[in-house]
Protein chains: 2
Amino acid sequence: MPQLPDSIRNAAAAFDTLPGVGPRAALRYAYWLVTQPKEAIGRFARSVQGLAEGLTICTECGQWSDRSVCAICTNTERNTSVLCVVATSPDVQSIEDTGAFKGRYHVLGGTLDPIEGRTPDTLSIQKLLKRIQASSDRVTEVILALNTDVPGDVTALYLKQQLEPLQLKVTRLARGLPTGAALEYADSMTLADAVKNRRES
Amino acid sequence: MPQLPDSIRNAAAAFDTLPGVGPRAALRYAYWLVTQPKEAIGRFARSVQGLAEGLTICTECGQWSDRSVCAICTNTERNTSVLCVVATSPDVQSIEDTGAFKGRYHVLGGTLDPIEGRTPDTLSIQKLLKRIQASSDRVTEVILALNTDVPGDVTALYLKQQLEPLQLKVTRLARGLPTGAALEYADSMTLADAVKNRRES
C-alpha cells in the first residue's frame, strides 16, 4: 500500500498487534478513528498511554491494580476464608461479573505448559502456599477456577498436590452443559461431564 | 466492574468505541496491551495520536492523504482517462490492493440514503462533475465502484443520470459469483447475475 498516508499505516500497524485483530480490521479501525473529532482521537491516545502509567500488580493477589493492594484485597466485607485461584487478571473480572463469588482471589500469572517453558516456578504458586499459611484469617477452601483445557487441567492437578499438606478443601468449577445449550450439539466430553455431575432437580 | 483500575477501564472504553469491537474484546485488548513493554504502549498511543495530526483530504479526489494532493493524483504514470468513483477512502485501498486498476479515483464520501439524511448535496457529486469537465486530460470512462447493496445501487443510478450529459462511458463493477464460491450456497440474486452476465470461456 505505497500511497497509504503514514499516520494511517502506523495506526493500522498498532491495531494489528492486538490479539485477534487482523490487518483488514486494523485498517478499518484506523480509517474509522481518523474520521472522529481530534479531541476524541486525543482521548483515545491518552487512554492507551494511561496503560503504561500508574498500573501495578497487587502485592497480595497479583492482579493488575492502580494501588499496591487492590480493591478486592482491601475490602473487609469479603469472605477471607475462600480463595479463588485464577490464571490471569481478566479471569478475576469474569468471575466478579457473575456476582456469584464474594471471597478473595489469587492470580497465578498463567498456566503450566512445559513445552512453552511455563514451569511451576514461573507462576505465583509458592506465593499462594505462603499466603495461605501466613494468613491470619484461616483459609478453609481454595477454588481452582482454571480453563477446562489441557494446561488448565494440568495446573489444577499440580496445585491440588501442592495444597494437599495444608489440609483444606480444594474445589474446581463445575463442568456440564453451558446455559442455552442443545444436547444435540454438545460435544461428548461435555455431555459425559454433565451426566456424571447430574443433580437432583 | 467497581474494582477495575481506572486506566484499564478507560482503555477498554476507548477500544469499545471502534466499529465491531464489543466490551469483552475491548477489555481483552486493554489487558493484553497492559502486559506489553511501556515503550510499545507509548508507540501505540503516539500512532493513534498521529491520526489527529497532519492528515487532510486530497483536494483532487477526496481521499485521506498526508499531502494536499494525494500520491495517486500526483502520480503522472497513472491513466488519467479513467476515473473510478468510490464511496470511501478504504474502498480506494481495496481496489489498489487488487492491482487491477491504474487510473485515478474520486471519493464520494458515502452513498445516498435519504432516510439517514444522506442527500446528493452531502456527497462530492458536484465536484465530480466539475472535475470531469475541467480536466485537461479528457476522462473517457467513469467506473462506479460502489457496494452492491441498496444505497450503492441507488447512488450508482443517480450518478449515471448526472453523468449522462457529459457523454462518456459509465461502467459498474461486474456482478457474479465470488471466487471459491459453491453454486449450491450462492443466493439466487447473485446466481441470476452470474447467469445473465455469463461470458464465453
Quiz item: Looking at region B:1-19, which of the residues that are open to solvent by 60 Å² or more (accessible area, probe 1.4 Å) and either modelled with pLDDT of 95 or more or assigned to a helix (DSSP H, G or I) (or both) is nearest to the other protein chains (Cβ to nearest Cβ)?
Solution: B:Asn10
Practice problem: Return only the number of the condition from (1) open to solvent by less than 10 Å² (accessible area, probe 1.4 Å); (2) among the hydrophobic types (A, V, I, L, M, F, W, C); (3) under 23 Å from A:Asp66 (Cα atoms) that B:Ala25 does not satisfy. | Solution: (1)
Quiz prompt | Matching option when the condition is free of Cβ contacts under 8 Å to residues at least 40 places away in the same chain and closer than 17 Å to A:Gln161 by Cα, among A:Thr119, A:Thr111, A:Thr140 | solution = A:Thr119
Quiz item: Could you count how many residues in region A:54-76 are touching a residue at least 24 places away in the same chain (Cβ under 8 Å) and among the charged types (D, E, K, R)?
Solution: 1
Quiz item: Checking A:Glu184 against (1) over 25 Å from the mean Cα position of the chain (by Cα); (2) assigned to a loop (DSSP other than H, G, I, E, B); (3) of a type outside the set (Lys, Arg), which single condition isn't satisfied?
Solution: (2)
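Out of B:Leu173, B:Leu159, B:Leu183, B:Leu166, I need the residue that is aliphatic (A, V, I, L, M), in contact (Cβ under 8 Å) with a residue 24 or more places away in the chain, surrounded by fewer than 14 Cβ atoms within 10 Å (Cβ to Cβ) and farther than 21 Å from B:Ile57 by Cα. Which one?
Going through B:Leu173, B:Leu159, B:Leu183, B:Leu166 in turn, just one is aliphatic (A, V, I, L, M), in contact (Cβ under 8 Å) with a residue 24 or more places away in the chain, surrounded by fewer than 14 Cβ atoms within 10 Å (Cβ to Cβ) and farther than 21 Å from B:Ile57 by Cα: B:Leu166.
The values are calculated or read from the model by the stated rules, or taken from the named source; none is laboratory data. All values derive from a computational prediction rather than experimental measurement. All Cβ positions, glycine included, derive from the backbone under ideal geometry; neighbour counts span all protein chains shown. Protein only, heavy atoms only, side chains kept; ligands, DNA and RNA dropped before computing areas. Shrake-Rupley method; radii C 1.70, N 1.55, O 1.52, S 1.80 Å.
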